[in-house]
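S.K.: Sharing a structure with you now.
Read the figures in this text as sums done on the coordinates, not as results from a lab. Keep in mind the model is a prediction, meaning the values are calculated, not measured. In this analysis, Cβ positions are derived from the backbone assuming ideal geometry, glycine residues included, and neighbour counts consider all displayed protein chains.
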Amino acid sequence: MDQEKTKVWAHRGASGYAPENTLDAFQKAVEMGADGIELDVQMTKDGELVVIHDETIDRVSNGKGWVKDYTYEELKKFNFNKTHLEYTKEEIPTLEQVYRLIKPTNLTINVEIKTGIVFYPGIEERVLELTERLGMKERVIYSSFNHYTIRKIKELDPQAKTGMLYEDGIIDAVDYACDVVKADALHPAGYNVFYPGFLERCRERKRLLHVWTINEEKHMRMLCEAGVDALITNYPDIAKKIRDEY
Ligand code: G3P
Ligand code: CA
């Protein structure tokens, strides 16, 4: 962890206020003064990188089925406003659209690559190519629960910044895995931070700590006090206000 104040990254955009992973949610994060955004990337049948959390479109749209089974043109026809019905129409964004929206700002983009049970061959190469083409290399940090993907990103581009996402792990195992995949940061679920000895070990090993998903004010306070490098939240406005108290 460095000496700077905790950064606030908007989880799936300002998803407490607008449909998650949409251009409106990312625009809101900018307006709320977030330091960064977090988003999830999956790939369509025709190889387009699209921003959506689940492997299927059921939970967030008026459609059904796997992202991998639709072309981008087909996906565009569905309405992705389902998590906030006060928004009348939301298209699924491409990663390129989000990069173009965020490029004129100074926000960091945490691109989570969703290589899960659906494995998208070549997704790492495609994401890196897009980031390079749009001149966003300095602005992006890649993360994934799939540590194969994190290691591959680093192998393809040793300059790319990476964060190892995980849900739960004892310090020695996490440390070992982080070295193996050569990640620049740890992205743990919030409660890991308070395991005895965890913060000390991260300081010793100079591991950046980006912690998710912190939506309660009392937890935001705890993490700002602990001095983590970034907290990832659905409510960037609230987190920012709390962070500024420290
Ligand atoms: O990147 C942090 C967080 O987004 C990981 O969990 O399920 O919200 O993608 P999830
Ligand atoms: Ca995510």
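S.K.: When only C-alpha pairs under 8 Å and at least 6 residues apart count, what is the relative contact order of the chain, in percent? Mind dumping the intermediate values first?
M.R.: On the way: 506 pairs, mean separation 56.0, N = 246.
Dividing the mean separation by the residue count of the chain yields 23 percent.
S.K.: Treating only the Cβ atoms of Lys and Arg (+1) and Asp and Glu (-1) as charged, compute the dipole magnitude of the stretch 2-75 about its Cα centre; round to the nearest 20 debye. All intermediate terms of the calculation are to be shown ahead of the outcome.
M.R.: Working: 8 positive and 16 negative charges, 40 e Å.
Result for the stretch 2-75 is approximately 200 debye, rounded to the nearest 20.
S.K.: Also, quick follow-up: Within a 10 angstrom radius of the beta carbon, how do C224, C178 rank from fewest other beta carbons to most? Show your work: numbers first, answer last.
M.R.: Working: C224 20, C178 23.
Fewest-to-most ranking of C224, C178: C224, C178.
S.K.: Rounded to the nearest 0.05, what FRET efficiency is calculated for F145 and R203 with R0 set to 22 Å and r the Cβ-Cβ distance? Mind dumping the intermediate values first?
M.R.: Values: r = 25 Å, r/R0 = 1.11.
Here the calculated transfer efficiency is 0.35.
S.K.: If you don't mind, another one. In deg cm²/dmol, rounded to 500, what helix-only [θ] at 222 nm does the chain give when every DSSP H run of at least 4 residues adds -39500 (n - 2.57) and the total is split over its residues?
M.R.: Only helices count here, giving -9000 deg cm²/dmol.
S.K.: Express in % the proportion of alpha carbon pairs of the stretch 123-229 at distances exceeding 25 Å.
M.R.: Numbers: 1367 of 5671 pairs.
The share of Cα pairs beyond 25 Å in the stretch 123-229 comes to 24 percent.
S.K.: Follow-up question, since we're still on this one. Please provide three numbers in whole Å: the alpha-carbon extents of the chain along the principal axes, with the largest listed first.
M.R.: Over the chain, Cα extents along the principal axes are 50, 38, 31 Å.
S.K.: Can you tell me how the stretch 1-134 classifies by the Cα gyration tensor, rounded, prolate or oblate, using a/c under 1.5 as the rounded cut?
M.R.: Working: a/c = 1.87, a/b = 1.25, b/c = 1.49.
Oblate shape, in that a/c is at least 1.5 and b/c is the bigger or equal ratio.
S.K.: Of all DSSP beta bridges in the stretch 16-111, what percent run antiparallel (nearest 5)?
M.R.: Bridges in the stretch 16-111 that DSSP calls antiparallel: roughly 55 percent.
S.K.: Suppose every K and R has +1 on its Cβ and every D and E has -1 on its Cβ; what is the size of the dipole of the stretch 132-210 about the Cα centre, in Debye to the nearest 20? Write down the numbers at each step before the final one.
M.R.: Values: 13 positive and 12 negative charges, 65 e Å.
Roughly 320 debye for the stretch 132-210.
S.K.: Answer rounded, prolate or oblate for the stretch 109-166, using the Cα gyration tensor with square roots of eigenvalues a ≥ b ≥ c: rounded when a/c is under 1.5, else prolate when a/b is larger than b/c, else oblate.
M.R.: On the way: a/c = 1.73, a/b = 1.41, b/c = 1.23.
It is prolate, given that a/c is not under 1.5 and a/b is the larger ratio.
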